[in-house]
1. Any chance you could give the angle, 0 to 90 degrees and rounded to 10, that helix 7-23 forms with the longest Cα principal axis of the chain?
2. Sorting check: for 186-193, 45-52, which peptide has the highest mean count of neighbouring beta carbons within 10 Å, and how do the rest follow?
3. How high is the relative contact order of segment 155-194, in percent, with contacts defined as C-alpha pairs under 8 Å that are six or more residues apart?
4. Match the structure shown to one of the listed values (1) 1, 7, 14, 17, 15, 12, 10, 8, 6, 5, 3, 2, 0, 0; (2) 1, 7, 15, 18, 18, 14, 8, 5, 4, 3, 2, 2, 1, 1, 0, 0, 0; (3) 1, 7, 16, 21, 21, 17, 10, 4, 2, 0, 0 of P(r) over Cα pairs in 5 Å bins from 0, in percent, computed from it, and give that label.
5. Relative contact order of the chain: what whole-number percent is it, with Cα pairs under 8 angstrom and at least 6 residues apart?
6. Please give the FRET efficiency for residue 60 paired with residue 97, using the beta carbon to beta carbon distance and R0 = 22 Å, rounded to the nearest 0.05.
């Protein structure tokens, strides 16, 4: 199972991808160190070993250009914050992308969203988690949804009673949110999450 990357590891992986696409061969350790401003080839080697351990590349140590990119599936954007009034997946909101292996989640996510707050802890969604979201404007009662109310985006469980939507927090400290149907915009449904480098 693939693990998430540090910012430096992302830069190394992106350089390898672009270099390989342009030149038809992988870069050497020295070329990586030079391009990314590392003080020594050893620093590049350490990042390459980390990328191999996390399942993104395979190293053929017997050759200087022995970096093999492994198929990791689609790149899914990570939404770090949501600007009021703009679409949730707007480019301005995207922090980075994460390579997503095939079949990790039962439904393919459109984007990841960084969780802020503890209103969903009883559903196992913690502050700081990256939740996988499948973009849709409809949801069923009982599903965990990403909803927009008056330009504020929130993650709650949707319940529909007498055709009236209610957003239910999964933490007894918080009260349900009653919403007029015309005020509620469903941005997507929750399909999984990433925590501490692992998929859940």
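Just so it is clear, none of the values below were taken in a lab; they were calculated from the coordinates. On a predicted model such as this, the values are computed, not experimentally measured, just so you know. A quick note on method: Cβ atoms are made from the backbone with ideal geometry, for glycine too, and the neighbour counts reach across all protein chains shown.
1. The angle comes out at about 60 degrees.
2. Highest to lowest by the protection proxy: 186-193, 45-52.
3. For segment 155-194, the relative contact order is 27 percent.
4. Matching entry in (1) 1, 7, 14, 17, 15, 12, 10, 8, 6, 5, 3, 2, 0, 0; (2) 1, 7, 15, 18, 18, 14, 8, 5, 4, 3, 2, 2, 1, 1, 0, 0, 0; (3) 1, 7, 16, 21, 21, 17, 10, 4, 2, 0, 0: (1).
5. Working: 375 pairs, mean separation 33.2, N = 200.
About 17 percent, as a whole number.
6. 0.25
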